[in-house]
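For reference, the structure discussed in these notes is given below.
Derivation of every value follows stated rules applied to the coordinates shown; laboratory data play no part. In this text the structure is predicted, and so the values were computed from the model without any measurement. Every residue, glycine as well, gets a Cβ built from its backbone with ideal geometry; the counts of neighbours run over all protein chains shown.
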């Protein structure tokens, strides 16, 4: 039955999918599906049954292609342009800064480190941090202020070292210190 209606299915799928190659693939998928079906009773109208299978498969493939195209477009839209990519030097400097900050955070007392992580990374309000650590909101503010000052002080020390150590050409490189911006108070009043 399938072989008799194969050319009809190819024409139907070519019209629906817009490509003879896609139609051929779909006909093969129908053949595989028919081969795996466990039909107990004979189909009353086999040609209509095959055409319905072909129509459903074509609709599924069009939807999948549309979703795939939308997903690819959305992904490409959020990718940075070539001029937005940092050059190798900036990437290296950024990684060095991150290592410096991570090293400085590792030297902090546990409570300060936890408060900084909860506030800066997990974006929790100071009020919740105070409740979690069993302290006042004012105490959390002071703890965070000291943590940021400690990080900024270590950054300033690194900049002063860079200013006094000449590079290969013999000139001292002047580097502006990087300051962490305080987000202000986020606790509920």
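Quick notes on this structure:
- Packing-based ranking, highest mean first, of 21-29, 63-71, 97-105 given that Cβ atoms within 10 Å are counted: 21-29, 97-105, 63-71
- The slack between residue 99 and residue 123, meaning 0.36 nm per residue of separation minus the straight C-alpha distance, is 6.5 nm.
- Sites residue 66 and residue 39 - FRET efficiency at Förster radius 25 Å, r taken between beta-carbons, to 0.05: 0.20
- Potential lengthening between residue 56 and residue 110 on full extension [0.36 nm per residue; Cα-Cα distance subtracted]: 13.4 nm
- Segment residue 89-residue 77, extension gain: residue separation times 0.36 nm, minus the distance between their alpha carbons: 1.7 nm
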